[in-house]
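This report refers to the structure that appears directly beneath it.
The values are calculated or read from the model by the stated rules, or taken from the named source; none is laboratory data. Bear in mind the structure is a predicted one, so any value in this text is a computation, not a measurement. Cβ: placed from backbone, ideal geometry, glycine included. Neighbour counts: every protein chain shown.
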Amino acid sequence: MSKSPKHWTKAFFGCQCKSDMVDNDICEAFNFSIMEGRYQKYNHNASRNQVRLMTRIVEKQKFCKSWKQNYGPVKKGRRQYIVNIEKITCSCRSWQLTSLPCRHGCAAIWHIGGESDDYLDRCYHKETYEKAYAYPLRPINGAHEWVKFGIEHVLPPTD
């Protein structure tokens with residue numbers, strides 16, 4: 001909360017046009033990944049999500065080993081905006097949202113003879129990525145071995 005909401009909340013960006021908005025689809029991606037489980041009993045959904053997370057951790061560990069630089073592959077869109085290297089900002093707002101120098105930021109950095117890697121947030125470094133996925137999610141016994149407490153199953157809400 002040390003930063004003003006206008007730097008991290010879309011509602012405070014005050015963009016000129018919706019087509020200029022940088023989309024952050026993390027919530028949509030998560031909701032899509034659990035869509036099937038929303039209409040099932042909690043126990044089954046929890047087991048399914050655990051397996052999905054265990055698989056994702058192993059995939060991310062393998063993916064990280066393929067990196068040739070200190071960061072993973074980066075892809076960005078195609079527009080031109082105003083860059084302020086000192087403040088680490090770009091009017092496309094991508095740099096502020098992702099902490100990745102956008103293509104406009106990279107062009108400005110290279111123009112002054114700098115390296116875009118020096119402006120990359122540590123959260124994207126290989127060392128940080130490896131730490132995040134270093135611990136596997138341990139399997140648990142199936143629902144058939146869980147202790148029964150005699151309470152009703154939690155069901156999804158009805159429309």
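Couple of notes before you dig in:
- Residue pairs whose Cβ atoms lie under 8 Å apart, separated by 6 or more positions or on different chains, with the first residue in the stretch 133-159 and under 30 Å from CYS123 (Cβ atoms) and the second at pLDDT below 85, are TYR133/CYS64; LEU137/GLN50; LEU137/LEU53; PRO139/GLN50; ILE140/GLN50.
- If you go through the stretch 37-61 and keep only what is surrounded by 11 or more Cβ atoms within 10 Å (Cβ to Cβ), in a helix (DSSP H, G or I) and either modelled with pLDDT under 70 or in contact with an Asp or Glu (Cβ under 6 Å, 6 or more places away or on another chain) (or both), you end up with GLY37, TYR42, ASN43, HIS44, ASN45.
- Checked across the stretch 137-146, the condition of being surrounded by 12 or more Cβ atoms within 10 Å (Cβ to Cβ) and of a type in the set (D, E, K, R) holds for no residue.
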